[in-house]
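The values are calculated or read from the model by the stated rules, or taken from the named source; none is laboratory data. Predicted model, so just to flag it, every value in this text is computed and none were measured. Here the Cβ is made from the backbone with ideal geometry for all residues, glycine too, and neighbour counts use every protein chain on show.
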Amino acid sequence: MTTDLEFKNFTCPADKKKVKLADGDTGGLFMEATPNGAKRWFWRYAVAGKVRVIALGSYCRPGVKKVEMPVAKARLKRDELRLALKAGTDPLQQRQLDAAQVVLSNTNTFEVIAREFHTKQSSLWSPSYSKKWLSLMVRYVFPWIGTLPIDAITVPLMLVTLRRVEAKGIFSTVQDLRESASQVFRYGAQTGRCDRNPADQMKGALTPHVAKHHAAIVDPVQAGALLRAIDGFTGQPTTKTAMLLSALTFQRPGNIRKMEWSWLDLDAAMLTIPAAAMKRTAHGKLNGRPHLVPLAEQGLALLKALLPLTGHGRFVFPSLLTGERPMSDNTVNTALRRLGFAGDEMTAHGFRAMARTMIAENIPGINTGLIEAQLAHDNKDPNGGAYDRAEHLTQRKKMMQTWADYLDQLRAGAKVIQFQAA
């Protein structure tokens, strides 16, 4: 058997690439030395008549005198592998399997799979939703379970993670996170990296989020008072017009305040909101039809009156600070507060609910599909989507004029009766 001193003094000549020194005549253990001073242990063995060699570790590294694996430790490691071989485990094959498992574990974590899912889906989502989806994961989920293998995450572990968010009282975020995590687990199962969905088994274990609808006035008498209050608004004329157009067109607040003059055809009395500006998926923004909003005579008159003030710029309702941006998203709500309408009474978004409810309840003969088309809602009725097509534009124009005339009746304070559609 080779001695410690022999291994210590063993070196490789400069004219050789490497040399070997066996630990005696049996056992298969040997040291390999290279000209740079490195010495490493190897064990030679045979499986099914084939010779294999497996590295055990370094005796010493170049330029370092300290011994990392002395001969006794190398012999012990060889003996351990020899026992494993007798038990039917090929040491080299097992090492390869272990290395592959480490690689798989590193690519099988919740965060890796979540980011992979996000990358695949983001082209189908709107940019704002895609950004929100990932930012919530980064902030509330990845720090706790992101580095764990997805198939190791249990229901209790997922519950603890989401209850940290629940403790902050942001229940809508908890709901969003549970749904997002469920998407990741579902994708993990589809790609063969997990076989269960812990997030889907948590219903009832978390405080439910009760959706709070935007405050809106839906009583005809109160709506009349609102319109008269807007007429008496003494602030910026653009703000006053934005409130009145919100009532007349019942479009989303973002589409009102970001309205561009290029979207308007005043001769045709039509507002055409580009698909890219609508609240849609990325695919819908790119490939969808523009949203058509017929303008009643009253709305058209408001825009023509505003044309000398802002028609020289891009936006119908420009920011007071710079005409390069639209008015602030809080301008209309602030104006409503100035008029005395509290946040739980009326909001900028509430003009949509006001129109949706009051047309359905007080103006007979108007199909709800027409209303939903003007709201740009996805109609669940198989026939509802047809009302968003050009052939129903005449009906929609009549509806918008009827609605504007009804608002005039309410503004005048006339006796409120069910309005008769033309």
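A few remarks follow.
- Lone unmet requirement of (1) of a type in the set (D, E, K, R); (2) part of a helix (DSSP H, G or I); (3) in contact (Cβ under 8 Å) with a residue 60 or more places away in the chain; (4) out of contact with any Gly (no Cβ under 8 Å at 6 or more places or on another chain) for R228: (4)
- Residue in the range 7-46 that is nearest to K86 (Cα to Cα), counting only those that are charged (D, E, K, R) and either assigned to a strand (DSSP E or B) or not assigned by TED's automatic domain parsing to the domain that holds Q94 (or both): R44
- Filtered by the rule that a residue be hydrophobic (A, V, I, L, M, F, W, C), under 54 Å from the mean Cα position of the chain (by Cα) and not in a strand (DSSP E or B), the range 49-77 gives V64, V67, M69, A74, L76.
- Qualifying residue in the range 185-204 (condition: modelled with pLDDT of 95 or more, farther than 22 Å from I371 by Cβ and either assigned by TED's automatic domain parsing to the domain that holds L321 or aliphatic (A, V, I, L, M) (or both)): no
- Residue in the range 223-237 that is of a type in the set (S, T, Y), farther than 26 Å from S123 by Cα, buried (at least 16 other Cβ atoms within 10 Å of the Cβ) and in the same structural domain as T347 (by TED's automatic domain parsing) present: no
- Among the candidates M354, M358, M400, the residue that is touching a strand residue (DSSP E or B) at 6+ places or on another chain (Cβ under 6 Å), crowded, with 19+ Cβ neighbours inside 10 Å and modelled with pLDDT of 90 or more is uniquely M400.
- Flag for T241 being in the same structural domain as N362 (by TED's automatic domain parsing), modelled with pLDDT of 95 or more and β-branched (V, I, T): yes
- Just so you know, in the range 286-305 the residues that are modelled with pLDDT under 95 and of a type in the set (A, V, I, L, M, F, W, C) include one that is farthest from T239 (Cα to Cα), and it is L286.
- Residues of the range 20-75 classified as more than 14 Å from L92 (Cβ to Cβ), loosely packed, with under 12 Cβ neighbours inside 10 Å and among the hydrophobic types (A, V, I, L, M, F, W, C), total: 2
- Out of G365, G340, one residue alone is surrounded by fewer than 14 Cβ atoms within 10 Å (Cβ to Cβ) and closer than 15 Å to M243 by Cα. It is G340.
- Any chance G49 is at pLDDT below 90, on the phi > 0 side of the Ramachandran plot and not assigned by TED's automatic domain parsing to the domain that holds D151: yes
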